[in-house]
């Protein structure tokens, strides 16, 4: 745990980045830990969609520390450390099982097994490929899903080797509970029943028939937990919103070809973790010729894994672990939000770490431990250096666009980071580059418009926000900000329909307030008053609404009401 803290602790001061914003800052379902809403994350295809357990942990963080990023990252680091402990426990217990599957008891060389297990856990936990999962708050989905897959396997092994019936029952219950929680965390957990069955056949029973006879009930119970994941998927309409599924602009064939490239890249990064990229974008390969060597290599590795499962089951299990865990994200079901992503290697990295630790164990103990610790230190230092980029969003996105220059989302995010840093001209250039790469990119139009609005350029803001509304008519914030830009241009009549659209799409105090401003500008004071009162019903301490109502009351000669609203406005400002 200390090693994990040293490698990742420097990320605690980093702001929310990338998908963190949607997972935390604009996620209304985490605001009340005591509400059932925490188990109903937004169905918008974001990182928490269909993942209620993740949403629950975010709500816990919010209850403890509000929107301060530090607490969320502490949770992620502790989560990763817990997974590392499970890795060590699982590997050690596997290594001390007798060489002959199906034999009772354990081997005597427990010290060597413990050394190999701890080295494997260190190499896995400190590897720079893990930085995205640990440091990006939104990737808690990967970390939590991974934790529960590991917990399922660990509890499964304990259940299979427990000495008494009562201990067996306890560990069997723990196995099923861990699997169920995994299903509510991320879709990779659907692999847990298959991995457990393969593990049983390889290390415990010695055959599939033997595994089925020995633990049929537990296997059925594990398989039943996958119904949770499929139910959550069905609740989202059969896909993860606009993030994953069929008919979303990327064909299964193109995605499958792209994954051949991705898998080879993941393996290369496991051996030499450079260059690391936060966002690979949505690129797909142009055809089989683009993966002329990666495709055959992946097929050869897959074929070797199948052969090894039959002839060298222990080695084959490591290959199966890699391919099975990557199957949900890296096969033929398009994940269009990102066609490649380093966080997908969170658990698939484990067999490579185990192989490395096992290989080191072939040497004399002093040599193997020294070499293993040296490798772990090197990996930890590299992770620590990678985390430095997360402290500065501008540097992170500059790094990303330098490595993926044709990624419009990276340019858009760089533009927003530059805008927040007050570097407005550079921000506008980044937004322009994003739109040059993807002219109909809604988020780039929206961010460029909001940036212009905040800089006091309502004419430019109106142009880009109008484009965002045209491309995404259900974008509530685009309607709201376009209305604001039009009001500042003195075009209240044009602004009013956009505030009303925002209210239809997502009723909120800010939309009511701004609608009131437009109505007041049109001389419709009574309607403006009603709009501001509606805003206060939703947000009683909204200072601008109190101020506007105070002005209305003062104009009408109602000094008592005016004073009440002015005092409320001042109190709200002071509380902020």
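The values are calculated or read from the model by the stated rules, or taken from the named source; none is laboratory data. Quick caveat: nothing in here was measured; it's all calculated off a predicted structure. Methodologically, a virtual Cβ is constructed for each residue, glycine included, from the backbone with ideal geometry; neighbour enumeration extends over all protein chains shown.
Points worth noting:
- Matching residues in the range 153-206 - criterion: being more than 16 Å from residue 90 (Cα to Cα) and without any contact (Cβ under 8 Å) to a residue 24 or more places away in the chain: 163, 164, 165, 166, 167, 168, 169, 170, 173, 177
- For the range 493-532, the set of residues classified as part of a loop (DSSP other than H, G, I, E, B) and over 20 Å from residue 462 (Cβ atoms) consists of 506, 507, 508, 523, 524, listed by residue number.
- Taking first residues from the range 256-279 that are assigned to a loop (DSSP other than H, G, I, E, B) and partners that are modelled with pLDDT under 95, the Cβ contacts under 8 Å between residues at least 6 apart in sequence or on separate chains come to 278/18; 279/18; 279/338.
- Out of 13, 46, 9, sole residue that is in contact with a helix residue (DSSP H, G or I) (Cβ under 9 Å, 6 or more places away or on another chain) and over 22 Å from residue 392 (Cα atoms): 46
- Index of the failed condition, residue 35 passing every other in (1) without any contact (Cβ under 8 Å) to a residue 24 or more places away in the chain; (2) buried (at least 23 other Cβ atoms within 10 Å of the Cβ): (2)
- Residue 562 more than 40 Å from the chain's Cα centre (by Cα), surrounded by 15 or more Cβ atoms within 10 Å (Cβ to Cβ) and over 17 Å from residue 480 (Cα atoms): yes
- Of all residues in the range 326-374 being farther than 25 Å from residue 305 by Cβ and in contact (Cβ under 8 Å) with a residue 24 or more places away in the chain, the one that is surrounded by the most Cβ atoms within 10 Å (Cβ to Cβ): 372
- Spans of helices (runs of 4 or more DSSP H) in the range 381-478 with at least 1 residues crowded, with 16+ Cβ neighbours inside 10 Å and touching a residue at least 60 places away in the same chain (Cβ under 8 Å): 393-403, 408-420
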